[in-house]
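The values are calculated or read from the model by the stated rules, or taken from the named source; none is laboratory data. Just so we're clear, the structure is a prediction, and the values are computed from it rather than from any experiment. Please note: Cβ atoms are built from the backbone with ideal geometry, for glycine as well, and neighbour counts cover all protein chains shown.
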Amino acid sequence: MNASVYLETFGCQMNVADSERANVRLQAAGYELSSSAEAADVIIFNTCSVRERAAHKVFTRIGEVRRQRIGREPIVGVMGCVAQLEGGSIFDASPSVSVVAGTRATDRLPELISRALKGEGRVIDLEERAGGEVWDVPATARTSKYVAFVPIIEGCNKFCTYCIVPYSRGREKSREASDIIAEINELRRHGYREIHLIGQNVNSYRPKTDSGLEGIKGATPFCRLLRAVAATGMERLKFTTSFPRDFHPDILAAIDEHENLCEWIHLPVQSGSDRVLRAMRRGHTASDYLKRIDAIRRARRNISVTSDIIVGFPGETAADFRETLKLVEEVGYDGLYIFKYSERPDTPAASLLDDVTREEKSARFMELETTQRNFQKKIYERYVGRELRVLVEGASSKSPSDKTGHSTCHKVVNFPGDGSMLGQVVNVRITVAKQNSLYGEVISAP
Ligand code: SAH
Ligand code: SF4
Ligand code: F3S
């Protein structure tokens, strides 16, 4: 009988995409994919280390899973960002782990597991990807049947001072546009309705050749890619993450030109204080950022904007934090992800004194959250009475008779509906604005 593998994923969309890739390799090598950690022969955790809690979570989970086991001890493996950064020390920290596979070892996971199954202890691979780049995942191996993540650039060269990603993911590596387009066409044939082009900084997209972009205009390679993927006819296209300094206004022109480029931009600001932004080495000031926002507001279409903010960066004073509150109020975000600063080993910010107390970080977190909640309420209320085009992705977790999905402006929309709607794009008239979602009724289905 073939060994069964259970793979659990933490972290960002890049990890989700890597897990899909790993699953394809595992199946091709004859492993059975298991949806339960209790009975699988092999348990793999695809890990995130962007914040201390994220890294800590995986060790907690390993303990939890081992306690729940009914049968014999499984082979436990750690892949992803914690694996890349911690390497062999994971074996010492958690003796039940026998496989450590770095962020570039995804494609070699099957052979690493097979060595462990044969009794080899401490199997580790932190090397660069051997041979050619393997990016594509067949449509049949995706997490969702309707929405697919397509990586366009891996790694990050920005080195924001607080961030671990350039160390865990390495330098930027862009994928050829012709491969991206081929993958999107393939997904379209399999009935996918929405694609997210993903990368830590999509604006840095810079493929080695022009393949797939011939004759396509645009101010930057990313702007050209946007127009090229729009031309595939894929129904809905979204992209994350946009780095403010490199955000070119031609992206807005492309969104204006192509209806299938969705009206949502994730543009993380991180702070509203120029002093803190400089210490973070973000390469933009608050006013540079607000100029980008102005350009977005001047676009023909009404574009939703979301952001990430870190509170309690070393040296952040109460006055700096006021600047952040002010910026958040000025922008009026459709959604905001707030994080308390968490020192990451060996990053430049780790040499600064982490001087904002835990209590103060929590207090700033809550104050910012309240500010955002009040603003978001107003923004969401403006949608009442309007119609949104929603891709029906599944049953609502709160009410089983309701369906849930995202609008083109990337709001969560819930509504009464039946199973036949799954995977369809429906028009929903919004009747109620909730805190983090909209509620409405389907007025036309295909
Ligand atoms: N590439 C993206 C996001 C990377 S990580 C970007 O440039 O915005 C996602 C978010 O985690 C970041 O935007 C940041 O807000 C948060 N984050 C990253 N490192 C952090 C740290 N050390 N402490 C707290 N939050 C952090
Ligand atoms: Fe981290 Fe900055 Fe790169 Fe984003 S752009 S992944 S925050 S270093
Ligand atoms: Fe986390 Fe790695 Fe993504 S650190 S956010 S899983 S790139």
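Observations on the model:
Each row is one residue, and each column tells you yes or no for (1) within 29 Å of K145 (Cα to Cα); (2) more than 17 Å from the chain's Cα centre (by Cα).
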| site | (1), (2) |
| --- | --- |
| G191 | yes, yes |
| I198 | yes, no |
| V202 | yes, no |
| K208 | no, yes |
| G218 | no, yes |
| T232 | yes, yes |
| E235 | yes, yes |
| H248 | no, yes |
| A253 | no, yes |
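- Test: residue in segment 418-428 that is assigned by TED's automatic domain parsing to the domain that holds E194, hydrophobic (A, V, I, L, M, F, W, C) and either in contact (Cβ under 8 Å) with a residue 12 or more places away in the chain or part of a strand (DSSP E or B) (or both): no
One line per residue, one yes/no per condition, for (1) at pLDDT 95 or above; (2) in a strand (DSSP E or B); (3) of a type outside the set (V, I, T):
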site	(1), (2), (3)
V328	yes, no, no
R344	yes, no, yes
L353	yes, no, yes
S362	yes, no, yes
Y380	yes, no, yes
L391	yes, yes, yes
P400	no, no, yes
Y439	yes, yes, yes
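- Subset tally (residues that are touching a residue at least 60 places away in the same chain (Cβ under 8 Å), within 16 Å of ligand 3 (Cβ to nearest atom) and either outside any helix (DSSP H, G or I) or out of contact with any strand residue (DSSP E or B) (no Cβ under 7 Å at 6 or more places or on another chain) (or both)) for segment 151-198: 16
- Count of segment 323-377 residues which are among the aromatic types (F, W, Y) and in contact with a Lys or Arg (Cβ under 9 Å, 6 or more places away or on another chain): 3
- Set R61, R69, R53: member being more than 16 Å from ligand 3 (Cβ to nearest atom), more than 23 Å from E172 (Cα to Cα) and surrounded by fewer than 19 Cβ atoms within 10 Å (Cβ to Cβ): R69
- Residues in segment 357-370 that are surrounded by 13 or more Cβ atoms within 10 Å (Cβ to Cβ) and out of contact with any strand residue (DSSP E or B) (no Cβ under 8 Å at 6 or more places or on another chain): E360, A363, E367.
- Complete set of residues in segment 262-316 that are under 22 Å from N436 (Cβ atoms) and either among the hydroxyl-bearing types (S, T, Y) or free of Cβ contacts under 8 Å to residues at least 40 places away in the same chain (or both): I293, S304, T306, S307
- Pairs with Cβ under 7 Å, 6+ apart, first in segment 401-415 and assigned by TED's automatic domain parsing to the domain that holds T241, second modelled with pLDDT of 95 or more: none
- Filtered residues of segment 144-171 (kept if within 16 Å of the chain's Cα centre (by Cα) and either within 12 Å of Y205 (Cα to Cα) or of a type in the set (G, A, S) (or both)): S144, A148, P151, I152, I153, E154, G155, C156, S168
- Filtering segment 22-49 to residues that are in a strand (DSSP E or B), surrounded by 20 or more Cβ atoms within 10 Å (Cβ to Cβ) and more than 16 Å from ligand 3 (Cβ to nearest atom) leaves V42, I43.
- From the list I265, I310, I293, the lone residue that is outside any loop (DSSP other than H, G, I, E, B), farther than 23 Å from S168 by Cβ, under 20 Å from the mean Cα position of the chain (by Cα) and at pLDDT 95 or above is I265.
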